[in-house]
Each structure stands twice: as C-alpha cells, then as structure tokens.
Amino acid sequence: MRNGKNSKMSYNETLVGAKTEVGQVPEVQINQANVEESVRDILINIGENPEREGLLKTPNRVARMFDELTAGYHMDAEKLINNAIFSVDYDEMVVVKDIEYYSLCEHHMLPFFGKAHVAYIPDGKVIGLSKIPRIVEMFARRLQIQEQMTSQIADFIKETLNATGVAVVLEGSHMCGMMRGVRSQNTKMTTRRMLGDFKHNKDLRQEFIEHIASNSLD
C-alpha cells in the first residue's frame with residue numbers, strides 16, 4: 001500500500017522491502033566490515049582457524065565477492081538503460097537468447113546459473129541490444145529463486161517498453177540440489193513468463209519456443 005491506496009510496486013523497485021521510486025538507488029549498501037566479521041564467525045563455528053595462512057584473507061575476499069554478486073540491489077535502473085530506448089516503425093518479435101546468468105539461491109546462498117532467453121513485441125519502441133543482458137544481470141545479482149527472477153525480468157521489460165508482448169524463459173542448474181540434499185547432478189529447471197501477446201497467442205508462443213530451440217533465427 002502507498003498513501004493509503006492499493007498500489008502495484010514498480011518492477012524498477014528493489015525487492016528487499018525498500019519502496020523506492022523508479023530509477024532511484026535503494027539506501028542499502030554492503031557493510032564490508034560486518035560481513036568480514038560474520039565470515040570469521042562462520043569459520044570459527046565450523047571448526048576452522050581464521051588465523052591460519054590460507055584463511056587470513058578469506059573474510060575480506062568473501063565480503064568483496066558478496067559486494068559483486070549482490071550488485072543488483074544497488075543498480076540504478078534508469079542509469080542502466082541510459083536512454084537507450086528508440087522509436088522505430090517495427091512491430092515484429094525481437095529475440096535475445098542464450099544470455100548467461102549467475103545468481104545465488106536465497107534459501108542456501110549457493111549459486112544457480114544458466115541461460116536466459118528474452119523476446120518482446122515492440123509498440124513503437126525498442127531497447128538497445130546490450131540492455132537486455134544487463135537487465136537479466138540486474139535481477140540475477142541478488143539473492144533469488146529462479147521463478148521470481150523470471151517474472152521480474154519479464155515484468156520490468158513490459159513496464160519499461162510498454163511492449164505488447166514479453167516472453168522470458170530461464171534454464172538453470174542449482175548447486176543447492178547438486179552439492180547437497182538430493183545431490184542430483186543433471187537436474188535442470190526451466191521457468192517461463194509470458195505476457196500480453198505471448199500469453200494470448202499460441203502461435204506466437206510457439207514461434208518463440210522454436211527460435212530459442214534452434215541454432216539460428218531463420
């Protein structure tokens with residue numbers, strides 16, 4: 001709720017509880033000293049000695065790693081797009097596929113990674129090619145689950161471009177299932193989000209699926 005009225009949170013907002021306006025950077029930054037101290041505590045509590053040579057710099061390395069891997073919380077969506085939205089007389093499908101992504105599972109903080117495939121139908125506006133992978137990265141570099149990330153990417157593109165249709169498919173391998181628990185080495189997850197024309201037009205959906213399954217866009 002916002003100002004006492006029901007309001008849908010913008011997908012440019014962060015998903016960590018802060019209600020920021022479109023394009024604003026949330027007031028959240030990594031506290032490196034606290035993270036380093038927490039890592040030291042973990043090392044001690046699993047029976048390690050953080051003073052031994054191989055671990056002396058590990059807390060600092062881990063803090064810097066988390067700063068990089070959670071950078072999506074701090075990305076300014078407006079600066080990321082950087083006015084790279086252009087008016088065009090084009091209304092056919094735009095597909096960007098095989099976008100590599102790396103994220104952290106919010107349940108165990110172990111990596112999951114794979115490929116993202118994105119398509120949209122312009123309504124007089126297209127976005128610069130490099131921005132689609134950057135949008136994927138913005139949502140990947142947070143604590144995530146694959147289902148949520150799929151929806152966030154699709155909804156953000158729909159809102160930003162006012163596209164008549166958006167489709168997002170994510171393929172992912174999850175270390176939380178490969179290294180622990182069921183320890184299934186070859187299991188992969190596929191998630192998808194279809195909006196607008198892709199949701200309501202079966203033939204368009206099928207064309208998109210065929211595009212991402214093929215080695216060319218012929």
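The values are calculated or read from the model by the stated rules, or taken from the named source; none is laboratory data. Since this is a predicted model, take the numbers as computed values, not measurements. Positions of Cβ are generated from backbone atoms using ideal geometry, with glycine treated the same way; all protein chains shown enter the neighbour counts.
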| Given Asn60, Asn34, which one is exposed (fewer than 11 other Cβ atoms within 10 Å of the Cβ), modelled with pLDDT of 95 or more and assigned to a helix (DSSP H, G or I)? | Asn34
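Could you pull out the residue among Tyr101, Tyr120 that is touching a residue at least 60 places away in the same chain (Cβ under 8 Å) and not in a helix (DSSP H, G or I)?
Residue meeting the stated conditions: Tyr101.
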| Tally of residues being under 22 Å from Ile99 (Cα atoms) and not in a loop (DSSP other than H, G, I, E, B) across segment 179-198 | 8
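Taking Lys115 as the residue in question, decide whether it is within 22 Å of Gly196 (Cα to Cα) and of a type in the set (Lys, Arg). I'd like the intermediate steps shown before the answer.
Numbers: within 22 Å of Gly196 (Cα to Cα): no; of a type in the set (Lys, Arg): yes.
No: the conditions fail for Lys115.
Given Ile135, Ile157, which one is part of a helix (DSSP H, G or I), surrounded by 15 or more Cβ atoms within 10 Å (Cβ to Cβ) and in contact (Cβ under 8 Å) with a residue 40 or more places away in the chain? Show your work before the answer.
Values: Ile157 fails: in contact (Cβ under 8 Å) with a residue 40 or more places away in the chain.
Checking each option against the conditions leaves just Ile135.
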